[in-house]
Amino acid sequence: MGETIIPLADLRYAAEMPVVPSDAAAPSGLLADRLGRPLRDLRISVTDRCNFRCSYCMPKEVFDRDYRFLPHSSLLSFEELTRAARLFVAHGVIKLRLTGGEPLLRKNLEVLIAQLATLRTPEGQPLDITLTTNGALLERKAQALRDAGLKRVTVSLDALDDSIFRRMNDVDFPVADVLRGIDAARRVGLAPIKINMVVKRGTNDDQIVPLARHVRDHYGPGVVLRFIEYMDVGATNGWRMDEVLPSADVVRRLSAAFPLEPMAASAPGETAQRWRYADGGGEVGVISSVTQAFCGDCNRARLSTEGKLFLCLFASRGHDLRALLRGQSPEGQAWTDAQIAAAIGLIWAGRDDRYSQLRSAMAPDLGHGERRVEMHYIGG
Ligand code: SAM
């Protein structure tokens, strides 16, 4: 037959139609969910495409030539993203993280950054705007990103050894190019730089100490290396608990090479536990999303590539904000900022997600009944 059926609407992930309350108060910046958690951090996925095929995130077998990424018309435009971000900021968001997919693949991303950089908190403060990237295009784009108003950057880097790195990104991408991207980011003053390494036991756990040594020797305290436990996000990576290296083991291995001392968290809701090198060589972080769930003060919301609002990385359903940004009220009028802000407020006020904690208390195969959203779509 060879016929392609194009769905009228992209039903990739089920979404709730947001309710627009008629009598909501204007945003006060003091919004809290059912567990008393404020809304402070918005992660925006600007594309579902990536130039890497890391097996733990976008395995080649699934995300191959036949995979249908979202059409451009499904993506929120820069104007829609900036409008949405402004409404979140009115509710208390102070930090925006652009992610994906690979955010640097979104054309003219610096134009979006320049627009977001004009936003101010209700107190008149600029936002903390950052970006998570695999670093492949960073050398080329660092200056334009900085000029547009980006303050800092997080680079994902899973190995220092070139052959391990090429195997993990599964597109044969050389580690030297990412290291040059980090150098460029440092040169143009994107700071502090964070480097995130996802640790998979048996795949790259022998890279923990070499990467830490590289960061200490070449970059010093201005660059913070963080180790992330391999998580069971999405439904395509074939996650297994025996491939998770608990953060406690990471700290043990690191401190055998470089003695460490615990540090206090710098902000509530911070995902990483911080450690400092006893010799003053800077700090490292560990993100224990599997072995020590941290839902208690989670203040993050995620906006998917096509404008669905997710309240948890492990959620299976989002709230279709794009329908409000592009649609009309029953009276045939475009929804106003006040109405969309009220809808966002209602969604957050009803939030009681604490999937990671509940999962820790469950048998490993529970909680997979509903199809979970993929990380490249929701934003890591
Ligand atoms: N392409 C960008 C990058 O590589 O940083 C941004 C998107 S990526 C989904 C964001 C982060 O999520 C990366 O640091 C990646 O390593 C991490 N990640 C993806 N899948 C993961 C998993 N299963 N467990 C832990 N971290 C994961």
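The values are calculated or read from the model by the stated rules, or taken from the named source; none is laboratory data. Bear in mind that the values here come from a model prediction, so they are computed numbers and not experimental data. We place every Cβ from the backbone using ideal geometry, glycine too, and count neighbours over all the protein chains shown. We work out accessible area using only protein heavy atoms, side chains counted, and drop any ligands, DNA or RNA first. Shrake-Rupley method; radii C 1.70, N 1.55, O 1.52, S 1.80 Å.
Below, the figures for the structure above:
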item	result
Positive-end residue, the chain charge dipole about Cα centroid, Cβ charges, pick of LEU303, ALA257, GLN125	GLN125
Share of carbon and sulfur in the accessible heavy-atom surface of the chain [1.4 Å probe, %]	53 percent
Whole-Hz couplings from phi, Karplus 6.51/-1.76/1.60, listed for segment 80-86; x for Gly and Pro	5, 5, 5, 5, 4, 4, 4
Highest to lowest packing among 187-198, 19-30, scored as the average C-beta count within 10 Å	187-198, 19-30
Inter-centroid distance (Cα atoms) of segment 101-138 relative to segment 289-356, Å	20 Å
Selection from ASN51, LEU112, LEU324, by position along the positive dipole direction of the chain (Cβ)	LEU112
Most fluctuating residue given options ALA176, ALA90, ALA315, as computed from a GNM of the chain linking Cα atoms under 10 Å	ALA176
Spatial extent of segment 165-293: Rg and Dmax, with the Cα atoms as the point set, Å	14.9, 42
Contact order normalised by residue count of the chain, Cα under 8 Å, 6+ apart, percent	24 percent
Whole-angstrom Cα spans of segment 27-84 along principal axes, big to small	47, 28, 16
Dipole magnitude of segment 12-61, debye to nearest 20 (Cβ charges: Lys/Arg +1, Asp/Glu -1, about Cα centre)	300 debye
Antiparallel content of DSSP bridges confined to the chain, in %, to 5	30 percent
Dipole magnitude of segment 271-345 about its Cα centre (Cβ charges: Lys, Arg +1; Asp, Glu -1), debye to nearest 20	160 debye
Translational D in µm²/s for the chain (Stokes-Einstein at 10 °C, 1.306 mPa s, Kirkwood Rh from C-alpha pairs)	74 µm²/s
Per residue, in Å², the accessible surface of the chain once ligands and nucleic acids are set aside, probe 1.4 Å	44 Å²
Relative contact order of segment 270-341, defined on C-alpha pairs under 8 angstrom at six or more residues apart (%)	15 percent
More than 18 angstrom apart: percent of Cα pairs within segment 61-154	49 percent
Fully extended contour minus Cα-Cα distance, from GLU61 to ALA235, at 0.36 nm per residue	61.4 nm
Antiparallel %, DSSP beta bridges [both residues in segment 182-247], to 5	10 percent
Given charges at beta-carbon only (K, R positive; D, E negative), |dipole| of the chain in Debye	600 debye
Gyration tensor (Cα) of segment 238-326, equivalent ellipsoid semi-axes in angstrom	34, 17, 10
GluC sites (Glu not before Pro) within segment 46-118: DSSP coil, no more than 15 neighbouring Cβ in 10 Å	GLU61
Estimated 222 nm signal from helices in the chain, with DSSP H stretches of n ≥ 4 weighted -39500 (n - 2.57), rounded to 500	-7500 deg cm²/dmol
Mean Cα-pair separation over length for segment 1-149, i.e. relative contact order, pairs under 8 Å, 6 or more apart, %	27 percent
Low-density loop cleavage sites - trypsin sites (Lys or Arg not before Pro) in segment 85-162, where at most 12 other Cβ are within 10 Å (DSSP)	LYS107
